[in-house]
Amino acid sequence: MVMRFYNARIFQGEKGFVKGSFTVSGDRIQEILPEGETDQDRGATGGPEVKADPEGQTDPDVQTDLDGLYVLPGLVDIHTHGNSGHDFSDGSEAGLHEMGRYLASHGITSFAPTSMTLPYEILEAAFRTAADYSRNHAGNEARIAGIHMEGPYFSEKKKGAQNSAYLKLPDAEGFLALQEKCGHLVRIVDVAPELEGAEDFVRKISRYCCVSVAHTDASYEEAYKAFAAGASHVTHLFNAMPPIHHRKPGVIGAASEKENVAAELICDGLHVHPSVVRMAFRLFPGRICLISDALRCCGMPDGEYELGGQTVTLKNGEARIADGNLAGAVSNLYDDMVNAIRFGIPEAEAILAATLNPAREVGADTETGSLVSGKKADFIICDEEWNLKQVYIDGIKTR
């Protein structure tokens with residue numbers, strides 16, 4: 001079936017929103033047509049040629065007038081632990097499906113379920129579940145774009161809400177064994193650069209997936225060595241790492257100087273001050289990946305919940321462990337993207353940080369993350385006030 005959506009404002013990356021129409025054929029975007037341009041015009045200027053009807057448009061089965069609504073790529077959350085009472089590390093396939101439905105209903109069409117610092121046997125069970133889900137997820141569920149392995153190769157000093165009982169030194173052989181058992185689905189693995197063996201770990205593992213600096217007390221020099229060895233990502237920038245200092249720039253200073261290093265950012269208004277959000281986008285131009293870092297209590301009422309063997313208390317929108325540390329977030333990526341815009345980040349930069357930038361980090365940008373002919377028909381529709389109206393995954397309306 002071919003569907004045509006017209007009278008739309010379509011997100012086109014750094015160009016922002018372009019008035020026009022687009023067509024969807026099956027599970028793919030067929031064509032993007034700016035206002036006043038026909039399929040024949042597009043073919044004449046070197047774009048993909050498609051059969052046109054006498055009025056200059058493809059002959060669709062369904063036509064939808066969007067009445068000026070915004071059309072964005074489906075969002076991509078590369079750091080989310082759970083929601084709806086479920087956590088990825090539970091290893092429950094039913095729980096993972098419920099997580100996927102929640103994400104899809106909030107405009108997140110792809111995600112990287114994120115583990116915690118836990119024993120290998122627990123991680124293996126969760127990773128196998130992710131592999132099963134990726135083969136049989138339903139049409140109204142977000143697709144898995146890979147696994148984000150957060151822990152156990154972390155610093156005790158900056159463990160945050162990670163369980164210190166399960167911390168380990170970097171272990172390339174152990175990681176590769178886990179990677180093999182889940183069909184090489186891990187796309188990001190975290191490590192603290194100051195740990196013994198970290199530099200060698202980064203050099204070996206960066207050939208197989210993205211290595212991220214995280215939960216670390218590393219100096220500028222230690223972090224710089226990790227990036228030189230192949231690390232290309234920073235997990236939740238500013239959180240669980242030393243603050244930037246004019247004589248001790250640390251991880252933040254080292255990462256900002258490396259143009260191939262992307263940085264995650266939690267934008268719930270709690271983990272990072274709005275002023276620092278604006279600073280981050282200046283320090284990492286075009287390299288910010290907005291993330292939710294959501295916990296199982298995301299979408300749930302106040303109360304006590306579990307995280308990596310520890311009790312988390314959710315109260316008034318804040319999730320904290322017993323020592324008072326923030327445990328993670330309870331917002332979703334769509335709300336975080338809207339927060340970034342409200343904090344003063346230009347619309348195009350905020351949207352790219354929630355779509356194409358994270359898609360690149362997990363190697364999913366050839367299929368999703370932007371509205372381009374030939375890519376998956378994963379898109380969302382919202383109004384000028386950023387109220388989410390509709391969600392499409394593989395060209396099928398899920399909301």
Item to check | Filter result for the condition that a residue is under 30 Å from A130 (Cβ atoms), at pLDDT 95 or above and of a type in the set (S, T, Y), over T23, T80 | outcome: T80
Item to check | Residues being in contact (Cβ under 8 Å) with a residue 24 or more places away in the chain, charged (D, E, K, R) and part of a loop (DSSP other than H, G, I, E, B) - total across the stretch 292-331 | outcome: 2
Checklist outcome for this item: Expected output for the stretch 216-233 (first residue more than 14 Å from K158 (Cβ to Cβ), partner among the basic types (K, R) and in a helix (DSSP H, G or I), Cβ below 8 Å, 6+ apart or cross-chain) is A229/R203; G230/R203
Next on the checklist: Looking at the stretch 168-191 only, could you name the residues that are surrounded by fewer than 19 Cβ atoms within 10 Å (Cβ to Cβ) and in contact with a Pro (Cβ under 7 Å, 6 or more places away or on another chain)?
Outcome noted: K168
Item to check | Filter result for A262 (more than 23 Å from L352 (Cβ to Cβ) and of a type in the set (G, A, S)) | outcome: no
Checklist entry - Do we find a residue being aliphatic (A, V, I, L, M), outside the structural domain of S84 (by TED's automatic domain parsing) and within 25 Å of V186 (Cα to Cα) anywhere in the stretch 332-349? => result no
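Yes/no matrix, rows are residues, columns are (1) modelled with pLDDT under 95; (2) touching a Leu at 6+ places or on another chain (Cβ under 6 Å); (3) among the acidic types (D, E); (4) over 29 Å from G230 (Cα atoms):
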site: G91; (1), (2), (3), (4): no, no, no, yes
site: G107; (1), (2), (3), (4): no, yes, no, yes
site: A112; (1), (2), (3), (4): no, no, no, no
site: R128; (1), (2), (3), (4): no, no, no, no
site: D171; (1), (2), (3), (4): no, no, yes, no
site: L176; (1), (2), (3), (4): no, no, no, no
site: R187; (1), (2), (3), (4): no, no, no, no
Checklist entry - Of all residues in the stretch 357-399, which are without any contact (Cβ under 8 Å) to a residue 24 or more places away in the chain and charged (D, E, K, R)? => result D365, E367, E385, K397
Item to check | Scan of the stretch 338-361 for residues that are of a type outside the set (F, W, Y), part of a loop (DSSP other than H, G, I, E, B) and either in contact with a His (Cβ under 7 Å, 6 or more places away or on another chain) or over 15 Å from G74 (Cα atoms) (or both), ordered by number | outcome: G344, I345, P346
Item to check | Hits in the stretch 285-298 - residues which are crowded, with 21+ Cβ neighbours inside 10 Å and out of contact with any helix residue (DSSP H, G or I) (no Cβ under 6 Å at 6 or more places or on another chain) | outcome: R287, I291, D293, A294, L295, R296, C297, C298
Item to check | All positions within the stretch 350-369 that are under 11 Å from the mean Cα position of the chain (by Cα) and among the small types (G, A, S) | outcome: A353, A354, A359, A364, G369
Next on the checklist: Name the residue that is nearest to I341 (Cα to Cα), counting only residues in the stretch 372-392 that are among the hydrophobic types (A, V, I, L, M, F, W, C) and surrounded by 23 or more Cβ atoms within 10 Å (Cβ to Cβ).
Outcome noted: I380
Checklist entry - Across the stretch 325-349, what is the total count of residues that are surrounded by fewer than 19 Cβ atoms within 10 Å (Cβ to Cβ), under 18 Å from the mean Cα position of the chain (by Cα) and either modelled with pLDDT under 95 or among the hydrophobic types (A, V, I, L, M, F, W, C) (or both)? => result 2
Item to check | the stretch 214-270 - residue that is part of a loop (DSSP other than H, G, I, E, B) and small (G, A, S) and, of those, farthest from V189 (Cα to Cα) | outcome: G269
Item to check | Which listed residue is at pLDDT below 95, farther than 30 Å from A327 by Cβ and in contact with a helix residue (DSSP H, G or I) (Cβ under 8 Å, 6 or more places away or on another chain), from G56, G46, G36 | outcome: G56
Item to check | strands (runs of 3 or more DSSP E) wholly inside the stretch 62-167 that include at least 3 residues being crowded, with 24+ Cβ neighbours inside 10 Å and of a type in the set (A, V, I, L, M) | outcome: 75-80
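The values are calculated or read from the model by the stated rules, or taken from the named source; none is laboratory data. Values in this document were obtained by computation on a predicted structure and should not be read as measured data. As a convention, Cβ positions derive from the backbone with ideal geometry for all residues, glycine included, and neighbour counts pool all protein chains shown.
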